[in-house]
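Data first, discussion second: the structure below is written as structure tokens.
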Protein chains: 2
Amino acid sequence: MRQKNNKPLEVKVGKIQEMIELLQPYLTKQLLPFWLDNSIDKEYGGYLTYFNRDGSTTGKTDKTLIMQLRMIFTLASAHRDGYGEGRCAVAAKQGVDFVLDHFWDPDFGGWYWIADRQGKITDDSKIMYGQSFGVYSMSEYALAIDDRRGQEYAEKSFDAILRCASDTYAGGYWEMFNRDWSLKEGGVYGGDRKTLDVHMHLMEAFTTLYELTKLPAHRRKLEEIIDILLNKMLDAKYGTGIAQFDRFFKPLRAILFQNVWGSDRPPDEEARPLDNTNYGHNIELGWLLKHAIDVMGTDLEPYKPVIKKIADQAYEWGVDWEYGGIYVEGPNEGPALQTLKEFWQQAEALTGFLDAAIIFKKQMYWDAFENIFEFVWNKVINHDVGEWLALLERDGTVKWDHLGHEWKISYHTVRATIQTLKRLEQLKKELSES
Amino acid sequence: MRQKNNKPLEVKVGKIQEMIELLQPYLTKQLLPFWLDNSIDKEYGGYLTYFNRDGSTTGKTDKTLIMQLRMIFTLASAHRDGYGEGRCAVAAKQGVDFVLDHFWDPDFGGWYWIADRQGKITDDSKIMYGQSFGVYSMSEYALAIDDRRGQEYAEKSFDAILRCASDTYAGGYWEMFNRDWSLKEGGVYGGDRKTLDVHMHLMEAFTTLYELTKLPAHRRKLEEIIDILLNKMLDAKYGTGIAQFDRFFKPLRAILFQNVWGSDRPPDEEARPLDNTNYGHNIELGWLLKHAIDVMGTDLEPYKPVIKKIADQAYEWGVDWEYGGIYVEGPNEGPALQTLKEFWQQAEALTGFLDAAIIFKKQMYWDAFENIFEFVWNKVINHDVGEWLALLERDGTVKWDHLGHEWKISYHTVRATIQTLKRLEQLKKELSES
């Protein structure tokens with residue numbers, strides 16, 4: 001554990017500039033080109049997302065909804081931020097063609113879960129995690145690229161979620177459905193649970209939808225999901241996330257579902273303890289919340305305490321001050337129990353700690369950011385190829401070396417790089433002017 | 001007050017047959033023809049709904065959303081039940097043409113509130129009471145008449161409600177909106193209140209939508225609204241309705257809103273007391289609940305206690321055992337405070353008490369039904385013309401004698417007549433077979 005402290009931010013502009021000069025060419029010459037060169041399926045459309053450590057294909061060609069939509073998000077957002085010289089827009093558009101041809105259900109609404117390479121659906125479940133990326137990616141696509149299908153399907157995805165998954169009695173959203181939107185069974189099929197993960201991604205999605213439409217109805221749904229997250233899904237004392245709940249938001253010991261996501265690890269033998277929180281997920285929630293408030297144009301002040309609590313808990317217990325990087329998970333107070341270093345938590349912690357440094361102007365958050373930046377740069381990124389390795393031991397030894405598969409792709413890595421660059425530029429500007 | 005009792009149902013088949021022989025020709029030769037002959041606007045389409053006691057037009061030609069949609073519902077339901085020899089279908093279709101041309105908002109979704117005779121919108125508010133009739137009338141139209149626009153706009157109306165009016169944090173629905181679905185101000189503009197009335201009509205609407213589509217998502221919304229009504233909006237002891245609530249379903253003293261409906265009386269000077277309930281509204285809720293359970297095909301048993309409580313309270317305090325008919329409102333325990341006789345409460349009490357007689361097989365509910373039937377037949381129906389008078393004094397003296405205006409039309413009177421006939425036939429059959 002490292003004690004938090006109140007030292008004011010003292011990073012030098014030169015240090016920030018140095019990082020920008022590392023990241024900028026990395027993004028444009030390594031990371032984006034890796035996906036642009038390797039991921040587009042020139043034969044059938046959409047994206048191929050299975051890659052070995054050396055960037056070669058694993059041979060697997062399944063197309064999962066999340067990976068197809070996350071590629072669209074990644075490419076659209078890169079294009080919106082001025083990267084790719086038009087290549088990202090072209091690559092995004094052919095992905096939209098593919099998902100609208102194959103993944104959208106014209107009868108019941110919403111998106112199917114898994115298809116084969118040609119687009120034939122092999123799992124027609126409606127999983128909210130995927131549905132939320134329908135809203136997120138199509139909204140980002142509409143903001144980036146002039147194609148009326150973007151807003152049309154962002155709104156259709158949103159309407160399907162409200163119509164079919166909202167719980168107008170207890171609040172929030174159900175998450176696991178069959179094709180016709182009947183709820184799946186409970187337990188490992190997840191039909192009786194509500195999760196922090198899905199509700200956080202709905203906040204992320206509704207933020208970008210509202211950025212696109214500025215409609216009062218979309219704003220209200222964003223406000224409501226923020227209230228659900230903050231009042232029902234976070235630990236009141238620590239601000240940390242609780243993973244799973246029953247219908248009425250009673251915390252439950254987390255289990256792994258049949259349709260796994262967000263974890264590259266095999267199912268545990270039993271449910272996780274209740275006092276168990278994921279540092280990277282919390283810090284992701286923190287910066288997505290800040291972004292939602294920015295997009296709504298409302299006062300951040302009331303939200304600062306929870307953003308600070310999240311960053312402090314991750315600073316104290318989540319950051320590995322010896323080997324660098326952020327651990328997976330542990331209790332609210334006490335050392336991490338899962339000390340592996342997963343790629344996506346590193347990515348989200350970059351953006352999150354940098355946000356905290358900018359908001360609170362404290363050196364401790366910059367220290368955490370810099371710690372993770374070094375670990376990512378030196379251990380996680382496979383510089384020979386461009387993309388990040390999936391999973392490392394605590395000390396940085398590679399544990400799982402694939403660069404892409406069912407759940408790992410460009411979304412966290414490209415987004416974190418772009419968002420980190422944006423924040424470094426902002427901080428540089430603030431420091432230069434003060 | 002009349003004490004309830006446990007005497008078994010002892011009505012004779014001959015008595016039932018006698019009532020059927022009164023109602024059947026009244027419906028087909030008087031009531032339906034009044035609306036078919038007088039209400040269709042042959043010049044501009046849609047319906048004219050302002051009539052004096054003698055059936056002549058009042059000269060007013062505004063077209064309110066509720067009245068247009070209620071006419072469509074009435075005509076479609078009459079056609080579905082085999083009345084009107086095709087005239088009802090033709091009259092419904094031209095009404096659908098009119099509301100789709102003028103009342104549907106293609107930009108923000110949902111229905112506008114008031115138009116002039118030509119269809120020019122004069123109040124573009126989005127009022128949930130009206131939106132619920134969008135779902136109800138278009139679903140009934142789709143069930144009755146082969147026109148793909150019925151289901152299309154029933155579903156579009158439903159989607160607009162879920163997207164724009166649902167409260168996914170506290171549950172239930174907001175009710176008063178501007179055109180773009182921003183909430184109206186609070187207080188008399190209603191933007192901060194939730195009402196029993198609107199939630200009951202949403203149950204009614206979602207029932208018919210589910211009857212049409214049989215979709216799991218529509219069924220879930222119906223189940224949720226039933227739970228809201230029963231667990232949050234009824235008095236736990238008496239089963240009676242509480243009129244108004246804050247966002248979190250805390251009961252509030254009822255006020256009249258600027259966009260008044262459901263009352264033909266001028267605004268009171270101050271809010272109603274909390275211990276105040278509307279007998280006719282309660283009994284309407286009882287039979288609509290029974291109908292919802294029937295359409296879902298689930299067990300009525302768990303719902304019987306609340307249906308019985310509602311009927312008992314109305315029997316004890318709501319029925320006027322001296323002059324006949326049902327009063328407007330009063331406390332849960334004690335004599336009615338508002339002893340006028342309004343047309344729509346009589347209509348709903350007919351269906352509701354007859355339902356209770358059939359479910360519980362007790363004579364007391366038949367007595368209440370027969371009491372109100374006599375009052376309606378002898379005092380409320382204007383037999384010279386066919387439609388019912390609006391408002392009577394306790395003793396049956398006519399107070400307001402118009403037959404149609406902004407809020408009074410064919411929906412309660414035709415529906416009650418059709419539903420009463422259905423139930424009389426059912427009871428006759430049951431008694432004949434036993």
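At-a-glance table
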| item | result |
| --- | --- |
| Interchain or long-range residues, amide H under 5 Å from A:LYS362's placed H | A:LEU9 |
| Using θ = phi - 60° and Karplus 6.51 cos²θ - 1.76 cosθ + 1.60, couplings along the range A:194-205 (whole Hz; Gly, Pro as x) | 10, 10, 4, 4, 5, 5, 5, 5, 5, 4, 4, 5 |
| Shortest-first distances to equivalent copies, position B:LYS237, nm, label 7 Å out along Cβ | 4.1 |
| Percent RCO, i.e. relative contact order, over chain B, from Cα pairs under 8 Å lying at least 6 residues apart | 19 percent |
| Around A:ASP395: net Lys/Arg minus Asp/Glu count, Cβ-Cβ under 10 Å | 0 |
| Estimated FRET transfer efficiency when R0 is 22 angstrom, pair A:PHE248-B:LEU230 (beta carbons, to 0.05) | 0.85 |
| Entries of B:LYS184/B:LYS408; A:LYS250/B:LYS184; B:LYS93/B:LYS232 with Cα pairs more than 27 Å apart | A:LYS250/B:LYS184; B:LYS93/B:LYS232 |
| Potential extension, A:ASP62-A:ARG2 segment - 0.36 nm per residue separation minus Cα distance | 17.2 nm |
| Cβ-placed point charges (K, R +1; D, E -1), dipole of chain B about Cα centre in debye, nearest 20 | 620 debye |
| GNM result for chain B, Cα springs below 10 Å: residue of B:PRO331, B:PRO216, B:PRO251 fluctuating most strongly | B:PRO216 |
| Per-residue average of Cβ from other chains inside 10 Å of A:215-223 | 6 |
| Helix-only CD estimate at 222 nm, as mean residue ellipticity for chain B, using -39500 (n - 2.57) per DSSP H run (n ≥ 4) | -15000 deg cm²/dmol |
| Karplus (6.51, -1.76, 1.60) ³J(HN,Hα), θ = phi - 60°, over the range A:219-226, in Hz, Gly and Pro reported as x | 4, 4, 5, 5, 4, 5, 6, 4 |
| Shape category assigned to the range A:236-374 from the gyration tensor of Cα positions, a/c cut at 1.5 | oblate |
| Relative contact order computed over the range A:366-434 (Cα-Cα under 8 Å; 6+ residues apart), in percent | 17 percent |
| Shielding by partners, peptide B:156-166 (average Cβ within 10 angstrom, other chains) | 5 |
| Under Karplus coefficients 6.51, -1.76 and 1.60, residue-wise ³J(HN,Hα) of the range B:207-215 in Hz, glycine/proline x | 4, 6, 4, 5, 4, 6, 9, 6, 7 |
| Positive minus negative residues near A:LEU22 (Lys, Arg vs Asp, Glu; Cβ under 13 Å) | -2 |
| For the range A:332-434, accessible area per residue (1.4 Å probe, heavy atoms of protein chains only), Å² | 32 Å² |
| Under-5 Å amide H pairs with B:TRP388, H placed in peptide plane, nonlocal only | B:ASN382 |
| Label distances, nm, B:ASP192 versus same residue in remaining copies, Cβ-directed 7 Å point | 4.0 |
| Residue among B:GLU333, B:GLU284, B:GLU155 with the largest mean-square fluctuation in a Gaussian network model of chain B, springs linking Cα atoms under 10 Å | B:GLU333 |
| Cβ-derived FRET efficiency at R0 56 Å, B:GLN258 paired with B:THR28, nearest 0.05 | 0.90 |
| Cβ-derived FRET efficiency at R0 60 Å, B:ASP123 paired with A:ARG53, nearest 0.05 | 0.35 |
| Apportionment of accessible area to carbon and sulfur, chain A, percent (1.4 Å) | 48 percent |
| Average partner coverage of A:178-186, which counts Cβ from other chains inside 10 Å | 2 |
| Copies compared at B:GLY55 - label distances in nm, ascending, label defined 7 Å from Cα in the Cβ direction | 8.6 |
| Other-chain or far-sequence residues with amide H under 5 Å of B:ILE40's (modelled H) | B:LEU48 |
| Local electrostatic count, A:MET176, Cβ distance below 15 Å [Lys/Arg +1, Asp/Glu -1] | -2 |
| The range A:87-140, relative contact order in percent, only Cα pairs under 8 angstrom and at least six apart counted | 23 percent |
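The values are calculated or read from the model by the stated rules, or taken from the named source; none is laboratory data. Values in this document were obtained by computation on a predicted structure and should not be read as measured data. Cβ coordinates were reconstructed from backbone atoms using ideal geometry, including for glycine residues, and neighbour counts include every protein chain displayed. For the accessible areas, the whole protein counts, side chains as well, though only heavy atoms, and no ligand, DNA or RNA atoms are used. Shrake-Rupley method; radii C 1.70, N 1.55, O 1.52, S 1.80 Å.
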